[in-house]
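The values are calculated or read from the model by the stated rules, or taken from the named source; none is laboratory data. Treat the numbers as computed from the prediction; the structure is a model and nothing was measured. Note that we place each Cβ from the backbone using ideal geometry, even for glycine, and neighbour counts take in every protein chain shown. These accessible areas exclude ligands, DNA and RNA; they are computed on the full protein's heavy atoms, side chains included. Shrake-Rupley method; radii C 1.70, N 1.55, O 1.52, S 1.80 Å.
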Amino acid sequence: MNLFDFNENEFVDAFSISATGKKQKNKIGEQQSKNKKRKTDDVKRVLDSKTSQSVAIMLKSLPGIEQTYYAILQMDKDVLNEDKLTKIIGALPKPDELAQIKAEEKKDANVKWDKPERYFKIIAKIPTLALRLRTWKFTVTITTSLEETTQILMTFTAACEALQKSTTLVKLLSVVLTVGNYLNGKTKRGQADGFDIKVLRKLRDTKGLDGHTTLLKFVAETCQRIDASIKDRLNTELRILNKTGNIPEFKEIDSMVNALESMFKTNVKNAGKVSNAIKNAPEEIKRQDRFAQVVDPFFEKAKKQVNNMLFERKQAKCAYEKVADYFSDAMKDTVKLPSSTEFLGTFRDLVSAFSKAWPEDVKAVEKPNKMKLQQLGAKAMINALKKGIPKLRTIKKGGKSRGKKQKQYTST
């Protein structure tokens, strides 16, 4: 039973549009794909697939071929930062690749290049391109390296000077020497005027009969009786040691300085070569090129930074030799420079461990020093000292004057 008139043709026409439209869209997509393929097939390629692909990927991170070209000429660090410079340097055109491009252009002056080939063709117009880019990158990165190395040297110098000037450290070491002489009793080692600083690392490992009290703790308690302000003053005078934890061996710092100085001199020469090449470039390039305007002022400023770094290196070496002499055997004419990291680390760890061993309750340490040693067990202390602590170095009284003869320094 028909409740209303139904026009089948109208229904089909109305609801078959989407299917027809889909077919039409597919046809359009296929045509566009063919056109794109035809357009791609029209461009010329001479680079191998690997090089072409890597350059194409790099170009996606750059502002554009022409913009990159002008940014290099203008030395525009706002357009090309360190990361982009690194990428460009890593994908420079090779002589044989440029030769292939030129050969094809001789055959067809109107050749249409693919993007990688067109990029190579355009930036190759810039004189001494590789040298220019490397020199530019050097100017971008060297300042930070110079500042960091100079700061390391200044911290190293300050640490060495602090150790030599600290009166509180002298007082602490005097207590260590006195305790060591007491433990060694009437033996030859009990009459020492000094000791090897390696002993300092062993203080907290030497324990008494109770198995808990260490020799370092006893030294801290003794210092508190002598002067309750020793801990705070020691931390204040040697605060700079806290900044030496990441400082490399002085030999490494010295090598860093030499490398930076060498790199600076090399790049100054390279900058001169680039400037000379620009003088012989086409007028169009010379008018737009800002290499000299950017690089010359930079190297003038960097030269002062390099000289300052060299001065700080000299200061650091002098301070290192003085502090090594200060803590060396007065009887020896030749001072063997210790490992700087081990040397500074020994005192840095001593200050830290000494502060931790410092008694919080003053009343708990009111017993006389001698009684405390007896309580810990002098015999046990002596045995532990012989096993765990290096032999104390004896310095002959009335020995050679440190100021009369120039000491020679040797590295470890």
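Listing for the model above:
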| read-out | value |
| --- | --- |
| Amide H contacts of Thr206 (H built 1.01 Å from N, under 5 Å, at least 5 apart or other chain) | Leu215, Leu216 |
| Built amide H within the under 5 Å cut-off of Lys44, gap 5+ | Lys112, Trp113, Asp114 |
| Cα-Cα over 25 Å, subset of Lys171/Lys217; Lys217/Lys322; Lys251/Lys304; Lys137/Lys279 | Lys217/Lys322 |
| Sulfur and carbon atoms: percent of accessible area, segment 189-342 [1.4 Å] | 50 percent |
| Sequence ranges 229-237, 275-283, ranked by mean other-Cβ count within 10 angstrom, highest first | 229-237, 275-283 |
| Integer Hz, Karplus 6.51/-1.76/1.60 couplings in order for segment 153-160, x for Gly and Pro | 4, 5, 5, 4, 4, 4, 5, 5 |
| Area accessible to solvent at Val79, 1.4 Å probe radius, in Å² | 50 Å² |
| Qualifying trypsin sites (Lys or Arg not before Pro) in segment 102-134, DSSP loop, other Cβ atoms within 10 Å at most 11 | Lys112 |
| Per residue, the convex hull volume that the Cα atoms of segment 192-305 enclose (Å³) | 201 Å³ |
| Distant-in-sequence amide H partners of Lys336 (H built 1.01 Å from N, under 5 Å) | Thr410 |
| Electrostatic dipole magnitude of segment 65-137 [Cβ: Lys, Arg +1; Asp, Glu -1; Cα centre; debye, to 20] | 160 debye |
| Segments 42-52, 243-253 sorted - mean Cβ within 10 Å per residue, highest first | 243-253, 42-52 |
| Positive-end residue of Val257, Pro282, Ala324, charge dipole of segment 230-333 with Cβ unit charges | Pro282 |
